[in-house]
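Engineer: Submitted below is the structure of interest, expressed as structure tokens.
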Amino acid sequence: MMERADSVQKLYTRMRLWEFPDQFVIEPTDGSSGSSLAVSRVDGSMKLIDEVPECSSLRVPKIFTIFGVVGMLRLLAGSYLLVITERECVGSYLGHPIFKVSRLKVFPCDNSLKTTPAEQKIEMEFSGLLNVAEKTSGLFFSYETNLTLSAQRLNDLGDESRLLPLWRQAEPRFLWNNYILEVLIDNKLEPYLLPVVQGSFYHFQAAIGIDIIDVTLIARRCTRRNGTRMWRRGADPDGYVANFVETEQIMQFNGYTASFVQVRGSIPLPWQQIVDLTYKPKFELLKPEEAPRVLERHFLDLRKKYGAVLAVDLVNKHGGEGRLCEKFGSTMQHVASNDVRYLHFDFHHVCGHIHFDRLSILYDQISDFLERNGYLLLNEKGEKMKEQLGVVRTNCIDCLDRTNVTQSMIGRNMLEYQLRRLGVFGAEETISSHPNLDESFKILWANHGDDISTQYSGTPALKGDFVRFGHRTVQGVIQDGCNALLRYYYNNFCDGTKQDAIDLLQGHYIVSVSRDTASTSQKGGLEAIASFPLAFGLVLTGFLFATMSLRQVQYDFRHFFFSLMWAGISVGIAAFVRANGRVFCNRPRLHNPR
């Protein structure tokens with residue numbers, strides 16, 4: 001259907017990395033006859049060599065098996081090589097094997113560079129960020145097909161485009177290693193240029209009578225405004241939004257392929273939530289006068305890429321969410337047209353916390369758009385019988401929990417629609433009529449939601465029990481409470497560092513020694529050693545002493561004095577931490593926007 005030409009140079013699928021004192025040598029071991037890649041450990045320079053150097057008898061080099069070169073990152077005191085040391089085959093995409101990155105490893109190339117003490121300190125900070133980057137979750141790749149493009153866009157590729165290497169075919173928005181591939185691209189290292197996407201990938205097969213259908217769910221996370229939950233909100237001046245994810249549901253049956261794409265993304269206005277140790281930080285609209293232009297850019301981009309757009313807004317009508325909702329709805333009036341439509345659906349008001357079956361009300365309101373704009377359908381010969389002409393864009397505040405429940409409902413209805421079109425289902429037949437299919441479909445979307453949520457918030461999705469089981473459970477409600485508390489902790493005390501690591505790998509900052517280092521080098525006193533456990537411990541100790549002193553106050557005036565002192569210290573620490581939560585607990589270390 002969408003095969004690549006044999007003349008395209010293939011990517012190396014297995015390599016051996018030799019760690020010599022002065023260089024790393026990457027040798028293809030998959031039967032290819034290509035040259036090895038030598039990377040200098042002195043300055044990070046690269047060159048192709050015909051054979052691996054002979055080993056010294058005094059020092060035997062370490063040898064690693066690797067499955068791909070992810071890229072090279074240049075920092076102050078040298079360069080860092082990122083490679084895949086463990087992989088897992090998770091299925092196939094349109095007939096091609098798909099792998100998940102199980103482990104990334106960073107190799108520093110900075111043996112003999114001379115740096116000042118200030119540069120060394122900064123470099124240590126960046127090295128720490130790369131240790132965080134090694135733990136990046138949800139990375140997928142293929143040696144044979146372009147994972148960054150949906151089936152419809154792959155089908156629309158011209159013959160010339162199919163002759164290009166995978167990295168040149170890739171959609172830059174979804175190419176996770178776009179920035180760190182630049183050095184390899186400059187050195188024309190085609191067989192080493194492995195495109196990687198972040199998101200999720202799941203599939204299953206199910207029997208319906210004598211028929212077997214194959215269902216795949218793939219998510220592609222956009223890198224333009226990538227980040228963590230409280231540290232990346234809303235839209236940037238170019239209209240790119242936080243947590244933008246393209247989700248494609250593919251069904252294959254008897255040679256037919258049906259594909260349906262949905263997208264999610266933060267409310268496309270300039271807004272933020274500054275973490276300040278409150279459970280739900282205040283929503284802040286930034287530069288309201290720029291909101292119409294930012295929103296217009298966002299929807300112009302969506303229309304170019306997907307056609308007609310239906311924006312389904314699931315946020316609350318009241319409180320801080322209500323103010324955002326009102327601004328979103330009023331600003332949409334500037335861009336609303338036959339091709340761009342806005343629909344607000346107050347998820348919590350209509351569905352509460354358990355009645356998610358009431359989403360059928362929403363489906364009735366959007367079914368005409370779905371039927372009109374359809375999905376991609378290819379026959380046994382790969383010929384296009386039908387194409388998707390528009391996309392549903394769903395958002396809540398985080399675009400995680402309510403959004404995933406809603407998208408799974410839409411995906412379920414579209415799969416039923418496709419199965420009826422192909423004659424697998426009768427007119428009144430549903431997925432629920434087939435327990436095995438029903439269970440597999442629920443698990444598919446629940447796992448997908450957990451992955452996207454973990455990458456953005458640090459925890460699995462809330463309301464996941466409904467997606468997984470079709471109803472709310474006591475265990476699910478308890479788990480949601482635990483995950484909500486974990487999100488609070490991660491947002492306030494972990495995600496700043498994680499955000500810096502993301503920004504470093506995505507090239508959102510230029511690393512320069514000229515940046516202001518005083519903020520990190522001159523910090524002292526309480527702020528220099530502050531952390532959540534320390535602050536929490538001091539507050540608890542203060543209140544403990546205050547309580548003990550108050551119990552003795554009737555016997556000794558000194559205890560009264562100490563009770564006031566400890567109470568004052570405790571309240572002061574708590575107030576300081578709350579007022580300076582983002583700086584005090586989790587100051588970002590990168591300052592130069594690219």
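Engineer: On the basis of being open to solvent by less than 40 Å² (accessible area, probe 1.4 Å) and among the charged types (D, E, K, R), does GLU134 make the cut?
Structural biologist: Judged against the criteria, GLU134 is not a match.
To keep it simple, each residue is scored yes or no on (1) under 27 Å from the mean Cα position of the chain (by Cα); (2) over 14 Å from VAL312 (Cα atoms); (3) not aliphatic (A, V, I, L, M).
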site	(1), (2), (3)
PHE345	yes, no, yes
ARG358	no, yes, yes
ASP364	no, no, yes
CYS396	yes, no, yes
ILE410	yes, no, no
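Engineer: Against the definition (open to solvent by less than 50 Å² (accessible area, probe 1.4 Å), under 30 Å from THR459 (Cα atoms) and within 19 Å of the chain's Cα centre (by Cα)), how does LEU73 come out, yes or no?
Structural biologist: no
Engineer: Which one of these does ILE122 not meet: (1) in contact with a Leu (Cβ under 9 Å, 6 or more places away or on another chain); (2) outside any loop (DSSP other than H, G, I, E, B); (3) modelled with pLDDT of 95 or more; (4) crowded, with 21+ Cβ neighbours inside 10 Å?
Structural biologist: (3)
Engineer: Go through LEU486, LEU389, LEU462, LEU422 for me and flag whichever is in contact with an Asp or Glu (Cβ under 6 Å, 6 or more places away or on another chain) and open to solvent by 20 Å² or more (accessible area, probe 1.4 Å).
Structural biologist: Testing whether each residue is in contact with an Asp or Glu (Cβ under 6 Å, 6 or more places away or on another chain) and open to solvent by 20 Å² or more (accessible area, probe 1.4 Å) leaves just LEU462.
Engineer: Just to verify a result, which residue in segment 354-386, among those that are among the aromatic types (Phe, Trp, Tyr) and surrounded by fewer than 21 Cβ atoms within 10 Å (Cβ to Cβ), is nearest to VAL241 (Cα to Cα)?
Structural biologist: PHE369
Engineer: Can you go through GLY382, GLY390, GLY374, GLY320 and tell me which one is on the phi > 0 side of the Ramachandran plot and in contact (Cβ under 8 Å) with a residue 24 or more places away in the chain?
Structural biologist: The unique qualifying residue is GLY382.
Engineer: Quick check: is even one residue across segment 192-205 part of a loop (DSSP other than H, G, I, E, B) and either among the basic types (Lys, Arg) or surrounded by fewer than 21 Cβ atoms within 10 Å (Cβ to Cβ) (or both)?
Structural biologist: no
Engineer: Can you spot a residue in segment 162-172 that is open to solvent by 50 Å² or more (accessible area, probe 1.4 Å), more than 25 Å from TYR375 (Cβ to Cβ) and touching a Pro at 6+ places or on another chain (Cβ under 6 Å)?
Structural biologist: Checking segment 162-172: at least one residue is open to solvent by 50 Å² or more (accessible area, probe 1.4 Å), more than 25 Å from TYR375 (Cβ to Cβ) and touching a Pro at 6+ places or on another chain (Cβ under 6 Å).
Engineer: Consider segment 226-247. How many of its residues are in a loop (DSSP other than H, G, I, E, B), modelled with pLDDT of 95 or more and closer than 15 Å to GLY199 by Cα?
Structural biologist: Here the count works out to 3.
Engineer: Going through segment 248-264 one residue at a time, which ones are in contact (Cβ under 8 Å) with a residue 40 or more places away in the chain, outside any loop (DSSP other than H, G, I, E, B) and not β-branched (Val, Ile, Thr)?
Structural biologist: Within segment 248-264, GLU248, GLN249, MET251, PHE253, TYR256, ALA258, SER259, PHE260, GLN262, ARG264 meet the criteria.
Engineer: Of all residues in segment 32-91, which are farther than 21 Å from LEU11 by Cα, in contact with a helix residue (DSSP H, G or I) (Cβ under 7 Å, 6 or more places away or on another chain) and in a loop (DSSP other than H, G, I, E, B)?
Structural biologist: Matches in segment 32-91: LEU76, ALA77.
Engineer: Report every pair of residues separated by at least 6 positions or lying on different chains whose Cβ atoms are under 6 Å apart, first residue within segment 17-31 and within 18 Å of TYR80 (Cβ to Cβ) and acidic (Asp, Glu), second in a strand (DSSP E or B) and open to solvent by 50 Å² or more (accessible area, probe 1.4 Å).
Structural biologist: Listed pairs, sorted by first residue: GLU19/LYS62.
Engineer: Next up: Within segment 303-399, considering only helices (runs of 4 or more DSSP H) that don't extend past its boundaries, which have at least 1 residues that are within 30 Å of ARG421 (Cβ to Cβ) and out of contact with any strand residue (DSSP E or B) (no Cβ under 9 Å at 6 or more places or on another chain)?
Structural biologist: 347-351, 359-373
Engineer: Determine, yes or no, whether VAL8 is open to solvent by less than 60 Å² (accessible area, probe 1.4 Å) and at pLDDT 85 or above. Steps first, answer last, please.
Structural biologist: Details: open to solvent by less than 60 Å² (accessible area, probe 1.4 Å): yes; at pLDDT 85 or above: no.
Against the criterion (open to solvent by less than 60 Å² (accessible area, probe 1.4 Å) and at pLDDT 85 or above), VAL8 does not qualify.
Engineer: With the structure loaded, tell me whether PRO281 is open to solvent by less than 60 Å² (accessible area, probe 1.4 Å) and not hydrophobic (A, V, I, L, M, F, W, C) or whether it fails that test.
Structural biologist: So PRO281 passes the test.
Engineer: Here's another thing I want to ask about it. Could you count how many residues in segment 239-269 are in contact with a helix residue (DSSP H, G or I) (Cβ under 6 Å, 6 or more places away or on another chain) and farther than 24 Å from GLY95 by Cα?
Structural biologist: Number of matching residues: 6.
Engineer: Separate question: Test of understanding: among ARG341, ARG323, ARG293, which residue is at pLDDT below 95 and open to solvent by 10 Å² or more (accessible area, probe 1.4 Å)?
Structural biologist: Only one candidate passes the filter, namely ARG323.
Engineer: Looking at the structure I just gave you, is ILE212 free of Cβ contacts under 8 Å to residues at least 40 places away in the same chain and either among the hydrophobic types (A, V, I, L, M, F, W, C) or within 21 Å of LEU300 (Cα to Cα) (or both)? Outline the logic, then answer.
Structural biologist: Numbers: free of Cβ contacts under 8 Å to residues at least 40 places away in the same chain: no; either among the hydrophobic types (A, V, I, L, M, F, W, C) or within 21 Å of LEU300 (Cα to Cα) (or both): yes.
Criteria not met by ILE212.
The values are calculated or read from the model by the stated rules, or taken from the named source; none is laboratory data. Keep in mind that this is a model prediction, so the values were computed, not measured. Every residue, glycine among them, receives a Cβ derived from its backbone with ideal geometry; neighbour counts consider all protein chains shown. Just so you know, the surface numbers come from the protein's heavy atoms only, side chains and all, with ligands and any DNA or RNA stripped out. Shrake-Rupley method; radii C 1.70, N 1.55, O 1.52, S 1.80 Å.
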